[in-house]
Each structure stands twice: as structure tokens, then as C-alpha cells.
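Below: the structure, in C-alpha cells.
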Amino acid sequence: MNAPHNRFAEGTVGAALAQSGKLKDNTVAAKVSGVLTDLHAQISQDESIEPIAVTDADALMVIRHSAAHVMADAVQRLFPGTQVTIGPAIDNGFYYDFDRPQGGFTETELADIEKEMEKVIAARKPFVRRTITRAEARQLFEQNNEQYKLELLEAIDPAAEVSLYSHGDWVDLCAGPHLPHTGLIPSFKLLSSAGAYWRGDERNKMLSRIYGTAFANKKELRKYLADLEEAKKRDHRKLGKELSLFSIDEQIGGGLVLWHPRGALVRTILEDHWRSAHQRHGYELIITPHIGRSHLWETSGHLENYAENMYAPMEIEGNPYYIKPMNCPFHIAIYKNALKSYRDLPIRWAELGTVYRFERSGQLHGLLRVRGFTQDDAHLFMRVSQLPQEIAKVLSFSLQMLRNFGFSDLEIMLATRPAEKSIGDAEIWEKAENALRYGLESQGVSYTLDEGGGAFYGPKIDIKIKDAIGRTWQCSTIQVDFNLPERFDLTYIGEDSSRHRPVMVHRALLGSIERFMGIMIEHYAGAFPVWLSPEQVVLVTVSDRHDAFAREVEERLRTAGIRVQLNANNEKLGAKIREARLLRVPVIAVIGDSEVEQRGVSLRTREEGDIGFQPLDAFLAWMKAAAQAPSI
RNA sequence: GCCAACAUAGCUCAGCUGGUAGAGCAACGCAUUCGUAAUGCGUAGGUCCGGGGUUCGAGUCCCCGUGUUGGCUCCA
């Protein structure tokens, strides 16, 4: 790392830092009264000022944004006629969108751009900030034929000042901040190129985006690239194929999942666990059909508000029927099937309900984004006064379920009434929001508030889980609904023997089973915990004279309820072990002469390797304990 | 849907500038009876995504489809 330029103009942040002795070799930016600023910004006397070192987290945005500028410079140098649009720093790097007449960039072009960037970095060109009038800016971008910049210029708040940043002779409309000079971009890499609409709107022109990333040092960049590799290794689509868990067949259609025996087994275990947990927690299980008449969807409002996600109707004896995108109307129909008393409430009905939603082909992604999936859905019907304790129960149930599947690092969000259109009066919203808050507090969990982030029909709690490599996924959602009870005219007879309106809660714990399976495959990198493993033990024999005893062991395990496979193939021990290891089988039991003689097995576990001999009875007991499902 | 890249054996992939398809693994057969991540030999396996075109000749070049993959609101 080279020292930033040591000559800063009078009255700039850099000069002020130098004066106070805070300017270090690795200072690349500063916080002025808490705002990220670059070193040559002007500063008034009485502001607090702290240096930002290249290694500080705050520096990343500056480094990346500067890298984006350098990239745009390189691109315009290499590909004349290309217009620049926007190029921000983002969570994991940066991008810049270009309008290039000949379209997207190829891999080799990315490599060329990287080389050109290296040159700009080596030249240590200072980033210079300049504020100018709108007229000057307009003239500049007209002269440079940068149509997008002109458009952006028009959109800037008339009260705000317009600034330009340049390094060398490359100039961009930009708010900054930037590094002192291009030589301070420590390490970067261009990652991919992709199409992106101007301003993210598909009615606009498709631009060419280049993604890149930059870090404070080579080591962090390498770590980031290694993390990407790790994520690739865990990709559930790759593991799904390798472990023969599922496939998606184009003959059948995109986004429609075929569960192979091993995958279906894991899923079945998961679902069985889910069902017994629900029964244990006071839910009743229901089952509803996959299609329903259009009337239903009119009443529910789905045809009005959700039609773009629904498939075209099919006609049955002159009546249009729709395949269901949600389960709620069916659950409501069961509610309405008989008169309800306040004594019946709360009602908790759960279903693993398979729904179909239209997703655009480009959005489909393995198990994570599909067209047909099973929701672990439940609907609770209750009196408003029951909301707080019901929410608390749902929440604690939800947390436990996620923990059981290996997720204990959670982010929880409470979303309240949207500012614009929403239904229901203020009083009931307040009650519901308080109920959600009460639920959260009774569980002692921390949460963030998403003010106005609720649905139009009620507030909600969303839970995101963090997986083994730190990515977050939203699974659980708990939503209060004032709308459907109204639309379907749901009632119950109260203590006063008159009709009252119940309140409804929709909730899903795992979200979609397909998606959750995908997340779980990546979380465990295919190595499921023993209770979820398709095979819990593989028996491997050293030679075929051990097969008879191995069959006996197999039978004992099977009758004890352990999922066991015997590999008596004509292969060497090493090969059999390798096969089981590749399938991530948690326990391998080796049987050879000494095991037969001592009536036991030699164990090798997935996590610990060879752990030695165990007599048959001890092994059975140990295995049963290891295969124990978490409590519900 | 849009932009781009890709599509070759069950899987992973090779096949240069057009000359008629190949490897490893898996499968199957035979031999081998073996001690903690791959025993050896052999056999079989392909509509080179589909359709059209250019050419004496197309896996390879061009066009049109289909599918997959990476992206498509982290605002100068």
C-alpha cells in the first residue's frame, strides 16, 4: 500500500487530517461528522473528522466505487462509442452498466478490461472532485455524447450540488466519495457480465453490466473468491445430481421437480417430522384439492390481485377451474362448512399443500425458484383477543422447527402497516401489531422493525435463516390477515350469542418444502445429519466370506429401525468406503475376519473417521442414539 | 419475458482454422477374495438439443426454435 498523495489543498479534509497528525499512510477517506467523505472534500472548522484506513469496513464502498470508475474508464478506452450509465458499489463488489452498440462483453474482453484497469491503477491518477453548474454539466455530457448521464443529471434534486469526479482525462457525474488516487485500489477482479435494464425497468433498453469486486488486500479478495468456490461446491443443483436427490426434466417442464428415491426419502422424513410436530403443537392436519372453481378465486381476490402468478383456467363441464396458487381459500371453505362457536377458537389447521405459481422462465433456479411446490402452510382462526398468545406460540414453534433442521442463526423482522392502501381500521392494526410485538418479546428474540413493510391486509413477522456459509434466506412468515375473513364473511358465535368476525393468521415455517430442501442441501453441503440421512449406515465387507455375518448385522439394524445398506459388491474395501463417503453416509461399518470372529463391526464416521471396533449390541444402541430425531 | 453464454455417451468433459466422434468415471461381463477414499482386463453405449440453410462435405459456419446457466430497482 502506497501513501496517499500528501499534498492536499487548504481547507480540505486531507489537509485537516494532516494538520492534526491523523493522516496515516493507509488513510483513504474520512468520516466528517459521521458522513463518509473523500480526502479532498472541503471542510469547515467545527466539524469532527476521523480518518478511514484502507482496511476499515467503511473504506470498502470507496474502494469499490473507485474501482467501478476505473473499469468504466478502461471500457471506454477499449470500446469507443460505449456510453456509461451508472456504476455503484454494492454489497459484494461493484458493477457498471454500459450501453455498448455491439452488445455484451465476452470473457476475453473482461480479461482485456482488467489489464487496461491495471494500467490505470499503476498510473496512480488522482481522483479530482469538482462541483459545477447544471448548464456546464449538460454541456460536458452533450459534448461527450453521454445520453444517460444527461438523463441522470435531470433527475438530480435541483437543490443539490452537482459534482464531477475525474481521474486522468476520464470524467463521470458522481457524488463520490473516492480514493485519493487510482493507485490505492488494492486488489480487484472482474467477475461476470450480464444484461440489465436501464433503471431496472424492463420497458427500458437492455444495457450490458459488468460485475466486479474489490477488497482492501489480496488476501481478502482470495478469501472472497474461495467463498464463491465453496458456494459452487455446495450448489444444491450439483449435489442434487451427484447424490441423486432430485432432477428437473425438460420433457416435464422447468420448475417442476422430480424427487428421486434418496431425495424423496429425506423429504419424507422431514415431512413426517413436520406432521408430528404440528400435532404435538395443537394443530389439526387437513388435506385439500389442487384446483377450484373460479368463484372461489374471485371471492378471495386472487383473480383480481394475483392473476399474473396463476395459470390459465381449465374448463370442466363449462365451468372454469384454476389450479391453486395458495391454500387459504380451501382452508376457509372448511371453516365455513359448519357454524363456529367462540369455544372452537382458536382453530389451527395445517397442510402440506402443493401449489402452482407462474414464474418467468428466466427466474427459475433449481429448487429455490420453482413453479410447483409444497407449502408447509397453516391457517389459524381466532378471536382478536387470542392474537398475542397465538402469535407467541407460532413464533416459538417456528424457532424450534428451524433449529431442528440446523438453523439457529436467525434474523427476524416485524413489518407494520403500509403507508398507502391497506384495509382494516387503525384500532385492529394496532392490536395486531401489538400482538406480534408481544409474541416477539415473549420469545426474547431481537428483531428489526420494517415500518410500513406489512401486507395491505395485515402486519407480519418474517424470519430469515443464516446458513453454514453465512447466506441468509427467508423461510418463515407469520401474517395477520383482516381481509379474507371479511371477503369470505367468516363468523363465529360469541358468548353474547351474536356473530363476530374472527381474525386469521397465515403462517409457513419452512416456506416451500422444495426451497427449504435446496437450502438445507447447501447448508449441510449434502452431508445430512444422521436422522435425515437417506442411508444412516453402510455395511462394507472385506471379502465375500463375511457376507453372511454382514447380512445378520443388516437385519438387526433394519429391525431396529435404522436405514442400512449392505455393500457386498466384488470390490476392494477402499473402493466401497470411497463410494459411501461420496454419498456422505454418516456411518460406515466395516466387517472382516476379526469382526466376524468377535461379532461386531469396525466403525468409521463421516466426521471422525475410523473410531474402532464395537460389539454388535453396543453398536446397535449407539446407532439408535445417533439416529434420534430432535424433539418436537 | 429481456441480455449474454452454453448445449457432444448415464455423469464430467476433449474434439485447432469444416473431412464424418473420443477420454475418464458409471453400467455390464470375466478374473481377483482383497482391511479404511478408486484391483485388472474386456464389452456395450452417441438423432453431437431440434429444425432449416451454406458447402462436394457440418459436432464445427449462418438463421430460427427449445432448454440450461449468469444477470435484469442494492438509483449520479
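Pairs exceeding a 21 Å alpha-carbon distance, out of A:LYS241/A:LYS466; A:LYS22/A:LYS219; A:LYS189/A:LYS218; A:LYS233/A:LYS466; A:LYS232/A:LYS466; A:LYS125/A:LYS149: A:LYS241/A:LYS466; A:LYS22/A:LYS219; A:LYS125/A:LYS149. The overall shape of chain A, judged from the alpha-carbon gyration tensor, is oblate: a/c is not under 1.5, and a/b is no greater than b/c. As a length-normalised measure over Cα pairs under 8 Å and 6 or more apart, the relative contact order of the range A:409-486 settles at 41 percent. Projecting the Cα atoms of A:ILE463, A:ALA580, A:VAL480 onto the dipole axis of chain A, where Lys and Arg carry +1 and Asp and Glu carry -1 at the beta carbon, places A:ALA580 farthest toward the positive end. For the range A:581-632, chymotrypsin sites (Phe, Trp or Tyr not before Pro) are listed when DSSP marks them as loop and at most 13 other Cβ atoms sit within 10 Å of their Cβ; the list is empty. Computed from Cα atoms, the angle from the helix A:218-234 axis to the main principal axis of chain A rounds to 30 degrees. For the range A:173-195, backbone nitrogen atoms closer than 15 Å to the point 7 Å from A:ILE156 Cα along Cα-to-C-beta are found at A:173-178. If R0 is taken as 56 Å, the Cβ-Cβ distance between A:HIS365 and A:GLU136 corresponds to a FRET efficiency of 0.75.
A Förster distance of 60 Å, applied to the separation of the beta-carbon atoms of A:TYR306 and A:ASP46, puts the FRET efficiency at 0.60. Using a cutoff of 8 angstrom between alpha carbon atoms and counting only pairs six or more residues apart, the relative contact order for the range A:318-423 works out to 24 percent. Under the combined filter of DSSP loop state and at most 12 neighbouring Cβ atoms within 10 Å, the range A:1-109 retains these GluC sites (Glu not before Pro): A:GLU10.
Ranking A:TYR321, A:HIS281, A:SER442 by how far each Cα lies toward the positive end of the dipole of chain A (charges on Cβ) leaves A:HIS281 at the top. What do you get for GluC sites (Glu not before Pro) in the range A:326-434 restricted to DSSP loop and a cutoff of at most 10 other Cβ within 10 Å of the site's Cβ? The qualifying sites are A:GLU420. What percentage of all Cα-Cα pairs in the range A:197-353 are separated by more than 27 Å? Roughly 58 percent, rounded to a whole number. Taking Cβ atoms as reference points and 15 Å as the exclusive limit, the residues near A:PRO586 contribute a net charge of +2, counting Lys and Arg as +1 and Asp and Glu as -1.
For the range A:99-217, averaging the sequence separation of C-alpha pairs within contact (under 8 Å, six or more residues apart) and dividing by the residue count gives a relative contact order of 31 percent. What the phi angles of the range A:409-414 give under the Karplus curve with 6.51, -1.76 and 1.60, with θ = phi - 60°, is a coupling list of 9, 10, 10, 10, 10, 9 Hz, glycine and proline written as x. Stretched out straight at 0.36 nm per residue, the stretch from A:GLU317 to A:ASN570 would grow longer than its current Cα-Cα span by 85.1 nm. Here's the picture: charge each Lys and Arg Cβ at +1 and each Asp and Glu Cβ at -1 in chain A, and of A:VAL54, A:VAL394, A:VAL542 the one pushed furthest to the positive end of that dipole is A:VAL542. Based on the Kirkwood approach, the hydrodynamic radius assigned to the range A:530-626 is 13.0 Å, with every pair of different Cα atoms included.
Just to be sure I understand: of the beta bridges DSSP finds with both ends in the range A:530-626, what percent are antiparallel, rounded to 5? The antiparallel proportion sits near 55 percent.
Dipole magnitude for chain A: about 960 debye, using +1 per Lys or Arg Cβ and -1 per Asp or Glu Cβ, origin at the Cα centre.
For the range A:12-34 versus the range A:141-220, the spacing of their alpha-carbon centroids is 25 Å. Computed over neighbours whose Cβ is under 9 Å from that of A:ASP409, the net charge equals -1, Lys and Arg +1, Asp and Glu -1. The separation of the range A:531-573 from the range A:68-82, counted between C-alpha centres, amounts to 62 Å.
Every number here is computed from the coordinates shown, using simple stated rules; none is lab data. From a predicted model like this one, the values you see are computed outputs, not experimental measurements. Cβ atoms come from the backbone with ideal geometry, glycine included; neighbour counts cover every protein chain shown.
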